[in-house]
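Data block below; observations after.
The values are calculated or read from the model by the stated rules, or taken from the named source; none is laboratory data. From a predicted model like this one, the values you see are computed outputs, not experimental measurements. Don't worry about glycine lacking a Cβ; one is built from the backbone with ideal geometry, like all the others, and counts go over all protein chains shown. Note: accessible area is taken over every heavy atom of the protein model, side chains too, but ligands, DNA and RNA are not part of it. Shrake-Rupley method; radii C 1.70, N 1.55, O 1.52, S 1.80 Å.
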Amino acid sequence: MAKLELLPAVDVRGGQAVRLVHGESGTETSYGSPLEAALAWQRSGAEWLHLVDLDAAFGTGDNRKLIAEVAGAMDIKVELSGGIRDDATLAAALATGCTRVNLGTAALETPEWVAKVIAEHGDRIAVGLDVKGTTLRGRGWTRDGGDLYETLARLDGEGCARYVVTDIAKDGTLQGPNLELLRHVCAATDRPVVASGGVSSLDDLRAIAELVPLGVEGAIVGKALYAKEFTLEEALEAVAR
Ligand SMILES: O=C(O)c1ccccc1NCC(=O)[C@H](O)[C@H](O)COP(=O)(O)O
């Protein structure tokens, strides 16, 4: 059986690595330099980095130069998220050399454009399904954007390669992942799913790893690493097969 991929997160706001609670602007805890955080995860053995421009996601500016610097400094795979909504922002994101980008708002607001870039870039495009209940949220998770399963069916039909699924109620809370949501999404699509939000312990990661046969491919870990609930080395060991 394939092993669960781990994606330590570096979420950037105002030039700092931060974590939010429920993704809400104003709940930031700052953790210093994004580059140092990313390099630390790489030194600890990460194979992936989940890198988010929160200002671009919220529409409060962007950290594009810094994000490009961090992505460029990595020898590992990078998943880039936050505010990628049109040709210009997609071109800038892909030009960082990242392995793939994660589209959120665009999948809700400009579905034709998303279908076009999925057709053009294939596996380099993932779609973030950020949900409250079964309602998707866009614009930095501040606006409702439709039904999870209707959108998933549409994106599947357009050839979307992979989904990053976040339960906003869990994100940044250390309350554990929403395993039920992950099971339901895996049942609704044959595409790989990356789980995000709420991981608090090595047991949470082991529980997500149990879902690999259902289609869960990876897990993003943010707050738990910054709060030192466990080390990345311990996390990688916990999901090694
Ligand atoms: O990814 C986004 O575009 C985004 C937009 C608005 C608020 C938050 C956003 N992302 C947050 C993340 O991807 C977190 O890094 C991830 O869910 C980790 O969560 P946790 O392990 O609970 O800290």
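Any residue in the range 186-214 that is of a type in the set (Lys, Arg) sitting within a Cβ distance under 7 Å of a residue that is assigned to a helix (DSSP H, G or I) and away from the ligand (no atom under 16 Å from the Cβ)? List the pairs, counting only those 6 or more apart or interchain.
So the pair list comes out as 191/156.
Among the listed residues 229, 180, 217, identify the single one that is part of a loop (DSSP other than H, G, I, E, B), open to solvent by 10 Å² or more (accessible area, probe 1.4 Å) and among the acidic types (Asp, Glu).
Every option except 229 fails the conditions.
Just to be sure I understand, how many residues within the range 11-61 are part of a loop (DSSP other than H, G, I, E, B), open to solvent by less than 40 Å² (accessible area, probe 1.4 Å) and of a type in the set (A, V, I, L, M)?
2
Could you give me the residue pairs with C-beta distances under 8 Å whose first residue belongs to the range 63-78 and is at positive phi, whose second residue is part of a strand (DSSP E or B) and among the β-branched types (Val, Ile, Thr) wherever it lies, and which are 6+ apart or on separate chains?
No pair meets every condition.
Looking at (1) open to solvent by 10 Å² or more (accessible area, probe 1.4 Å); (2) closer than 17 Å to residue 162 by Cα; (3) outside any strand (DSSP E or B), which is the only condition residue 98 fails?
Here residue 98 clears every test but (1).
Go through (1) surrounded by 15 or more Cβ atoms within 10 Å (Cβ to Cβ); (2) assigned to a helix (DSSP H, G or I); (3) of a type in the set (Lys, Arg) for residue 65 and report which single condition fails.
Condition not satisfied by residue 65: (1).
Can you tell me how many residues within the range 174-230 are under 18 Å from residue 22 (Cβ atoms) and of a type in the set (Val, Ile, Thr)?
The total comes to 3.
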